[in-house]
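Here's the structure we're looking at; comments come further down.
Values quoted throughout were computed directly from the atomic coordinates according to the rules given, and no laboratory measurement underlies them. Nothing here was measured: the structure is a model prediction, and the numbers come from that model. Positions of Cβ are generated from backbone atoms using ideal geometry, with glycine treated the same way; all protein chains shown enter the neighbour counts.
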């Protein structure tokens, strides 16, 4: 019989706060994490604002800073979120002789983690020098001259998307199954879902699962602006993320990390730790359509939602709340709404569905796990987080999007949806622990 899988710890570093309770209270207050970009000078970009992590101090979370001194922003955030989650779950960190009752060979890691940023200063210097010499191309001679004198090889290694998992392994001593996926905006939901399956199969007792990412750098902002995916509402960053609104014009680029400790029920009971929720269903699919566009009928989203319900052994009528992908782009919000209607049928308009990206932006590879944490909190407190800035609803989008204010109601089962570039679709369902 497959192991039941429960959540015993959670941690987050994100634009609304660097711990779970700060994030939750900010959401319930309808606060915004969006503001003018400060990581670099974005004043000449079409989008001059983003959702940055603020006041984060890596030194608060590690006694061995030298091990992590080369970590990229995503890895650094992952360390903080992991330490928080481990503390809640009673898992020892940075110790050679753990006393938490977990066999390190059966403690695994699965992260949806993005690539680290390149050394932009050196890269762009070589480009500019090429232009100055009258070449409309990269000056590779200048690149070699600059790069081999200035580039830190360890910093360049940190571009690899498995680096956050490597830092977490050093932090926790985890020697079990270790995975890293980079399926864009669906990555950390995939990580949680597949980590659950690893425990179900009996290949691990505990999995550190979630995501970490930062694309707030010149190349990241340029790429999404060129795709016309970002909001350009520079005069009002705080209200720019407007999922399901008629005036929505794109998402806001964010960053952060979110970690959940997934554990077999037998392990959690043996260790005597508090169970926060149970993970009961996972569904995954591909649109097999276009790289940047969802299939117009939402076939991949429909497939992944349906698969998650089947895996959980429940009906759409058993779901109390949907945490949508809800990016605030014209296409995503429309197609996601269509997909929800197709799956939830007569219950679609009666099932609340909100987008917390309206408050902390789009955390890309970390988005799904951060949003799943809000699902667990919604179940814990019987409160739905709102979709803020929904002041001019799109008349074509007619579901209950929990506009502008949190809502008290009984929440026992929540569905979390993540749909990524490339047509990746992943859905996880959690329920109240009983």
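Assorted remarks:
- Each principal axis of the Cα cloud of the stretch 390-434 was evaluated for its coordinate range; sorted largest first, these ranges are 39, 36, 14 Å.
- Label point distance in nm, residue 381-residue 95, each placed 7 Å from Cα along Cα→Cβ: 3.1
- With neighbour counts taken as other beta-carbon atoms within 10 Å, the residues 94, 336, 52 rank, fewest first, as 94, 52, 336.
- Descending semi-axes in Å of the chain, equivalent ellipsoid built from Cα gyration tensor: 33, 29, 18
- A Förster distance of 41 Å, applied to the separation of the beta-carbon atoms of residue 19 and residue 290, puts the FRET efficiency at 0.60.
- Förster-model FRET efficiency, 22 Å R0, residue 63 and residue 162, C-beta, rounded to 0.05: 0.40
- Beta bridges by DSSP in the chain, antiparallel share as percent, to the nearest 5: 70
- A Förster radius of 25 Å, combined with the Cβ-Cβ distance separating residue 44 from residue 228, puts the computed FRET efficiency at roughly 0.90.
- Taking the centroid of alpha carbons for each part, the stretch 164-200 and the stretch 216-277 are 18 Å apart.
- Under the criterion of Cα pairs below 8 Å and six or more residues apart, the relative contact order for the chain equals 23 percent.
- Distance between modelled label sites at residue 404 and residue 105, nm, 7 Å Cα→Cβ extension: 6.0
- Volume per residue that the Cα convex hull of the stretch 1-74 spans, once the total is divided by residue count, Å³: 193
- Calculated mean residue ellipticity, 222 nm, the chain: -10000 deg cm²/dmol, from DSSP H runs (n ≥ 4) at -39500 (n - 2.57) each, averaged per residue and rounded to 500.
- Global geometry of the stretch 310-434, whether rounded, prolate or oblate, following the gyration tensor of its Cα atoms and the 1.5 cut on a/c: rounded
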